[in-house]
Structure formats: structure tokens, C-alpha cells
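The structure under discussion appears below in the form of C-alpha cells.
The values are calculated or read from the model by the stated rules, or taken from the named source; none is laboratory data. Please read these numbers as outputs of a predicted model, since none were measured by experiment. Quick reminder, even Gly has a Cβ in these numbers, built from the backbone with ideal geometry, and neighbours come from all protein chains shown. Accessible surface areas use protein heavy atoms only, side chains included; no ligands, DNA or RNA. Shrake-Rupley method; radii C 1.70, N 1.55, O 1.52, S 1.80 Å.
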Amino acid sequence: MKTSLKINGEVHDLDADSRTTLLDALRNHLDLTGTKKGCDHGQCGACTVIVNGRRINSCLSLACMHDGDEITTIEGLGQPGNLSDLQAAFVKHDGYQCGYCTPGQICSATAMLQEVKDGWPSHVSDSLTGTYDLTEAEISERMSGNLCRCAAYPNIVDAIRDAAGKVQS
Amino acid sequence: MKPFDYIRAEDTGHATSAAGQGATIIAGGTNLLDLMKLEVLQPDALIDINRLDLKQITEADGGLRIGALVTNSDLAADMRVRTDYPVLSEALLAGASGQLRNKATTAGNLLQRTRCYYFYDTAMPCNKREPGTGCQAMEGATRLHAILGGSDQCIATHPSDMAVAMRALAAVVEIEAANGETRHVPLSDFYLLPGDTPHIENVLRKGDLITAVILPAAPKGAQTYRKVRDRASYAFAMVSVAARIEMDGDTVKDAALAFGGIAPQPWRDADAENALIGKPATKETFNAVADILLKNADPKKDNAFKVPLARRTLIATLNELCGKDVA
Ligand SMILES: Cc1cc2nc3c(=O)[nH]c(=O)nc-3n(C[C@H](O)[C@H](O)[C@H](O)COP(=O)(O)OP(=O)(O)OC[C@H]3O[C@@H](n4cnc5c(N)ncnc54)[C@H](O)[C@@H]3O)c2cc1C
Ligand code: SF4
Ligand code: FES
Ligand code: FES
């Protein structure tokens, strides 16, 4: 299957078996190993990338289904010396222990903050209409698709609140 | 995963003809690929419908026509759904995760397969996966399983939250067949009970493509979705209730009640609803509704808790919507 993917602003031409997931294409074919494989079944969020502005689990999507799509991975959000706000906040708040879930957490949070800006409610929101403050409950619910086996959740929540500019000291 | 041919659909006719020749339709892929990785499903060909123009939510006949490819995220966030069909937004937001909802589609969600552990485990007998092999759940772990509507061949539940809300809203499924004809099937007639054929889950025929789900005009009254699960987020329902209640003073004027987590399909019981409509919103009424709903409950050891849980969840929901506290 010939597939053209625009990843972090650069076009990559892929020729892989139709079974190749987007996750395996990134890691095994394109050497973008920042994106991690945890469960490979949509349950843990380690493989989260942003496709056409939306966060998805790259393990439950075939690379060939993404021909022409714009994909952002952790490598594209920022690099050492030029970190994104969320990447810097995770460093500052120690939002990890082993770090395996971190790329997925950061990609997920990046798109999640946009969802909040777009006025999307969540399961824990008081109302389906209005604007939403990033309380701890809101962050936990909106990030529930990203598991952290080290349970660094308190610091992950702090990092996200900080990056969202809502941390009260 | 077994090897397969990948075909991208050019238009709905292409999709139905490929499906008619045996290709499996793939939308978000969040259920299908999961099952293909485990080789529970082994299609020879996939027909990818993602580029079809089925992504619009439009106003139709006073209600809404939701394209089959509208994602669960977009549907939950749609302002018309949030204001006129809040039970649907709430049900969607109570399901899966942010990432999954961005991929999961309206049709794919309706057609997602059961989460029965033995259906997923190809080493186990399962009449749904392999007709005639038996049902491991009968003597096995049944926490996720049905207390109503099952058969001695299968007691799997339908796992969707969205479909429960749509059932309460009397949604209609729009289907295009391989011969180009379009038909409409009310969601109430769409799913089939397991009986002796648990592998046949709905009325779709080979080659059928769901093109939309249609919601009738927004009903009167208050709506809510209440989901009880093993953890507060990112888990399938043990019991859920999608309810719509219109009050007239202290009397229930009209009502719709649909249940998830307890049956092989989103469950509605006309007798239970009739025990509520026209009655005063009292403890006695609510208990009578629960009695009728659960009259034929046939639980196993592991899921016997669902009988009292369904009663309490129903009564809590009725209290909320009737503005009462009569528990
Ligand atoms: C970890 C995890 C947690 C989850 N939690 C929940 C939850 O709490 N609540 C919940 O409700 N769901 C939950 N889900 C399930 C999720 O909602 C479904 O996987 C999703 O809705 C399926 O939609 P899809 O578009 O990805 O379907 P696909 O996987 O693409 O397809 C599913 C089925 O539908 C068929 N199909 C798709 N579109 C059409 C069409 N237009 N016409 C005919 N056939 C079609 C396919 O052939 C396939 O058989 C969870 C899933 C995962 C992986
Ligand atoms: S309950 Fe149904 S799906 Fe589960 S093992 Fe039995 S036949 Fe299979
Ligand atoms: S690896 Fe994709 S969700 Fe776990
Ligand atoms: S930091 Fe180890 S899994 Fe999250």
C-alpha cells in the first residue's frame, strides 16, 4: 500500500503492508519512536497522536487510511531547546516517573486544551453549554484515555493546569 | 492480523457493492481493528468508507439527520444535540475516551460488538463468534452480562451508550442496500435478540451500508443519561438509563426509558413506561415501574447485583427528572 503522510510538516511516502497501523508506521517505518506502544488496543493512550487537529489512538488506525492526513507527533510539538508549553510544564512539574506514557499524555493534553477552547463539554461538566474551567475533575475526566502505570497523575494534572494558564499558586 | 485487501470507497454505491461481495466496512476502526488484531474477526477485504460524504448533521423533518460518519465527538459537541437532545450528548460523553470518540462514528458505535470476555478469547467456546460451539459465559464470569433478553445460547450485552440514548429518542436507522435502495428501520426493530442465533445481531443484510441515523423532532420534557460503572470514567456500563420525562404538575405526562448494560440490545419496556405515564410521581409508582421492568430478570451469580442496581439507578433517575426525592 502506497500512502503519503504529512507528519510534523514533512511529507513521508510509505509503502507498507495494509495491516500496518499508524503507530507501527511511525515507529517501525519512519523512525519516529517518540510515540509509544502500550496496550495496542485503544485502552492506554500511549500511542496518542494528533491527526488533522484531533487526538486519536494511532494503534487503532491503519496507516493506509490516513493518506494525505496531517499528523503531529510528540517530535513535532517541540524539541529540546524549543519545548511546547505543555512539554515545558511536564518537565517543571515532574509529570512522569518512567516517562513511557508521557508523549501520549502531552499529545493528548495539547488537543484536549483545544477542545476546551472550542467549548466542548465533558462528562463531569455541570452544564452542556457554557465555558469550562480546567478543574482537577475536568482534567482527570478529559484525560481519562491516558493511563499512567507509574500513577504520576497529580503532577500530570498540575502540569496541564499550569500550561493552560489556570494554576492558582 | 490476517492479511486483507484494502479498498477505499469512492461513493456509497461502491461501498455497498464491495460489501455485497464480502468486504467488511471500516469506519473509525476502533472496534473492528481491535477484533482483527485478536483474530476474532478475519475479513479478507476492508472497504474504507471514511472519505464518503456522510459527515453532516442536518435538520430534517423537524428533527436531525446524523450522517453515519459523524464522529462521537462531533455529535456530542453539536449545539443542537446539546440543547434539544441532551441525553444523547451525555451518553456519548460518558462513553470511551476523548481519543476514541474522535474516531468512533455514529454507525460504527451502533454496530460495535459485545465486550463479553469469551467472545474476545478465541480459545473459548462462543456461539456468537463461532455458532454451535457453546457459551462459556453460562458457567463463567458474567459481570458484564445480561439479566434481560438473553437466551440459553448467549447472554452478552450490547455495550453502546449512544445507542441507549438513541433508543429513548426513538431514532431511525437509514440504510442503503447493494441494489441502491434506501430503507428506514426504527432502532426499536434494528437489533435482534440472541435466541438460537446469537451471531445475527441486527437486521442488516450483506451489502447494507448505514448512511444516517434520524432523530425525530426534539421531545418535550427533561432528559438525562445516568451510567453506573466499575470506575468513574472510561469503563463500560454495568447499568445505564437514558430517560425522558414530561411532567404535568405532579403527574408524569409522558416518558421514555431505555437501559444499557442489562440486555443484548438497548432495552425498552412499554409496560414499564405505561406504569409511569399518567401516574403521580411517587415512590409507589417508581417501584411499580421497576417491578415490571425487572419481572423477567434472569441473572447469573456474578451479575445478580444488576437487579437491585437497575432498580436503584432507575429510581434515582426518575427522582432527578421528576424533581422529587421519593426514594
Ligand atoms: C478502550 C475502549 C473503551 C470503550 N468504551 C466505550 C464506552 O464506554 N461506551 C461505548 O459506548 N463504547 C465504548 N467503546 C467502543 C467504541 O464506542 C466503539 O469502538 C466505536 O463506537 C465504534 O465505531 P467505529 O466507527 O470505530 O467502528 P468500526 O470499528 O469502524 O466498525 C464497527 C462495526 O461497524 C461496521 N460499520 C461501521 N460503519 C458502518 C456503516 N456505515 N454501515 C454498515 N456497517 C458499518 C463495521 O463493519 C464494523 O463491523 C470503547 C472502545 C474501546 C477500544
Ligand atoms: S455470552 Fe454470547 S458472546 Fe459471550 S460467550 Fe456466550 S455466546 Fe459468546
Ligand atoms: S497503545 Fe494505543 S491505546 Fe494503548
Ligand atoms: S510515567 Fe510511567 S507510565 Fe506514566
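Quick look at the values:
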read-out: Restricting region B:146-159 to residues that are within 8 Å of ligand 2 (Cβ to nearest atom) and more than 18 Å from B:SER240 (Cβ to Cβ), the residue that is surrounded by the fewest Cβ atoms within 10 Å (Cβ to Cβ); value: B:GLN153
read-out: Filter result for B:ASP78 (farther than 21 Å from B:ASP230 by Cβ and either within 16 Å of ligand 1 (Cβ to nearest atom) or within 14 Å of another protein chain (Cβ to nearest Cβ) (or both)); value: yes
read-out: Qualifying positions in region A:41-56 - more than 7 Å from chain B (Cβ to nearest Cβ) and either within 14 Å of ligand 1 (Cβ to nearest atom) or open to solvent by less than 40 Å² (accessible area, probe 1.4 Å) (or both); value: A:GLN43, A:CYS44, A:ALA46, A:CYS47, A:VAL49, A:ILE50, A:VAL51
read-out: Odd one out for A:SER18 among (1) within 24 Å of A:MET112 (Cβ to Cβ); (2) not in a strand (DSSP E or B); value: (1)
read-out: Unique residue being crowded, with 23+ Cβ neighbours inside 10 Å and either over 22 Å from A:SER4 (Cβ atoms) or touching a residue at least 60 places away in the same chain (Cβ under 8 Å) (or both) when the list is A:LEU60, A:LEU86; value: A:LEU86
read-out: Matching entry among B:THR122, B:THR58 (being surrounded by fewer than 24 Cβ atoms within 10 Å (Cβ to Cβ), more than 17 Å from the chain's Cα centre (by Cα), within 30 Å of B:CYS135 (Cβ to Cβ) and not assigned by the TED database to the domain that holds B:VAL228); value: B:THR122
read-out: Where a residue in region B:131-142 is within 9 Å of B:LYS300 (Cβ to Cβ) and its partner, wherever it lies, is part of a helix (DSSP H, G or I) and of a type outside the set (A, V, I, L, M, F, W, C), with Cβ under 6 Å and at least six apart; value: B:ALA137/B:TYR118
read-out: Residue check for A:CYS59: over 14 Å from the mean Cα position of the chain (by Cα) and at the interface with chain B (Cβ under 10 Å from one of its Cβ atoms); value: no
read-out: Selection status of B:ARG143, surrounded by fewer than 24 Cβ atoms within 10 Å (Cβ to Cβ) and either in a strand (DSSP E or B) or within 16 Å of ligand 2 (Cβ to nearest atom) (or both); value: yes
read-out: Residue tally, condition among the β-branched types (Val, Ile, Thr), in contact (Cβ under 8 Å) with a residue 12 or more places away in the chain, assigned to a loop (DSSP other than H, G, I, E, B) and more than 9 Å from chain B (Cβ to nearest Cβ), over region A:110-160; value: 1
read-out: Answer from A:GLY76, A:GLY68, A:GLY45, A:GLY95 - the residue that is in contact (Cβ under 8 Å) with a residue 40 or more places away in the chain and part of a helix (DSSP H, G or I); value: A:GLY76
